[in-house]
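Single-structure report; data block below.
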Amino acid sequence: MKAARAKTEGQTEVVLLQRIAGGDRDAFAELYRRLQRPLFGYLMKLVREREMVEDVLNETLMEVWRQAARFEGRSSVNTWVFSIAHHRAVSRLRKRREAALDEEQAAAIEDEGPTPDVRAESSDMSRLLGRLMEQLSFEHREILHLAYYQEFSVQEIADALDLPPNTVKTRMFYARQRLKVLLQESGVEGAVA
Amino acid sequence: MSDTRKTGAPRTPPLGEEDVIELLPWYATGKTTPEEAAAIERSLSASPKLQAELAMVRRERQTSVESMQAIGEPSPDFLKNVMAQLDGQRQWAPIAREGSGENPGLFARLFGFASTPALRLVAIAACLLIVIEGAAIVKLAGGGGGTYQTASAPDASAAGPHLIVQFQPNAGMAAIGAALSELDAGIVRGPMPDGSYVIGLKQGADVDRAVAALKGHADLVAGVDRGS
């Protein structure tokens, strides 16, 4: 049932994109309404600053308008738009030299993080996990978000990020491993398998 | 999308413990194939370690979903502002289209063999060149008509300065498209015998800035030279 609904929505989005290619503004607004929440959430996870997120979202939408006629249907419209958003976010962060927000920087953030007292307050595992997920690198945050929240398949993530499917699985594995290490460092026993 | 495309695996080989652990995040969201799901469930039933791993995956997923509740959405005027910008935006024409129908178009058939983005780019660029030259011949002859819509080269880009660009072998189409689009540039010729492409900038474009911008995409661009 869920798969059938997704297929129908996918077909609707292809039709919308075809109309956008013909200059149809109503179709553009409709596609925006369909994708705005997942796209905005995705970019907030990656870029984090609201102002920059809106800039990247704006650039992504302009790109969709310009390139709509060149969509070739090799992936879903959803994946195609996320791919544009991904590249725009990476490009923008590179310009701001924030692409270097790797785990070394995250470690610096971590130093300001869970003190023993805070750990006690963070006994709720979900809250602690949420904090630790925010300390992951750009790539690791991105893959967790796409798999868990956007519910993209391995192939859809591969299409969106221009990666081989095996790299997607490996990246997810290492993202989760890193999360386990952070959990262990936060005092959660047995986090690392 | 067929089931076999869900994880990119054409068939499901026997799954070891590490394979199962790798697939658990997609099992938890129902994005594995039925064969993978069955293999995972067999492994889960026999392994407390994998059961604990799945519980962890589900907790991570729940946290990921909960963390999005406070994210919000774009500001109320965002769409209005975006719509106001559409007037100044040029929409690129499709490279080529064969008449509509159930059968894949000529380009789809031609590019079906191109298994990597770089190969597809080569194929598209080569065909684009042929179509542009063909269109020019038709124009010179004063003729027209036929089945195909003429490929639309970026006229404004073709009229401006040119750069010779060598892309990285594994550069993806979406990434190349995004990088060129940032410069309002397009491929006007290629691939050349050395594998490079002629990139057209729009008239009056700042060439130094464009070269610097392309060199900034080191993951996509292996080299940039000034053309004519």
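No lab work stands behind these numbers, since they all come straight from the coordinates. Worth saying up front: this structure is predicted, and the values here are computed from it rather than measured. All Cβ positions, even for glycine, are placed from backbone atoms using ideal geometry, and neighbour counts span all protein chains on display.
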Original post:
Can you tell me which residues in the range A:75-87 are polar (S, T, N, Q) and either over 12 Å from the mean Cα position of the chain (by Cα) or not in a helix (DSSP H, G or I) (or both)?
Top reply: A:75, A:76, A:78
Subject >> Residue list for the range A:147-166, restricted to those being closer than 24 Å to residue B:56 by Cβ, at the interface with chain B (Cβ under 8 Å from one of its Cβ atoms) and outside any helix (DSSP H, G or I) >> reply: A:151, A:152, A:153
Subject >> Filter result for residue A:144 (at the interface with chain B (Cβ under 7 Å from one of its Cβ atoms), crowded, with 17+ Cβ neighbours inside 10 Å and of a type in the set (A, V, I, L, M)) >> reply: yes
Original post:
Can you name every residue in the range A:159-174 that is surrounded by 22 or more Cβ atoms within 10 Å (Cβ to Cβ) and free of Cβ contacts under 8 Å to residues at least 60 places away in the same chain?
Top reply: A:168, A:169, A:172
Original post:
Counting only residues that are among the small types (Gly, Ala, Ser) and over 22 Å from residue A:15 (Cα atoms), which one in the range A:47-101 is nearest to the other protein chains (Cβ to nearest Cβ)?
Top reply: A:91
Original post:
How many residues are of a type in the set (Gly, Ala, Ser) and outside any helix (DSSP H, G or I) when one looks only at the range B:31-71?
Top reply: 2
Original post:
Regarding residue B:94, is this residue in contact (Cβ under 8 Å) with a residue 24 or more places away in the chain, within 10 Å of another protein chain (Cβ to nearest Cβ), touching a helix residue (DSSP H, G or I) at 6+ places or on another chain (Cβ under 6 Å) and in a loop (DSSP other than H, G, I, E, B)?
Top reply: yes
**OP:** Hey, could you check the range B:62-86 for residues that are facing another protein chain (nearest Cβ under 7 Å) and farther than 18 Å from residue A:44 by Cβ and say which is surrounded by the fewest Cβ atoms within 10 Å (Cβ to Cβ)?
**Re:** B:85
**OP:** At least 3 residues that are farther than 14 Å from residue B:82 by Cβ and of a type in the set (A, V, I, L, M) in each: list the helices (runs of 4 or more DSSP H) lying fully within the range A:1-74 that qualify.
**Re:** A:2-21, A:25-47
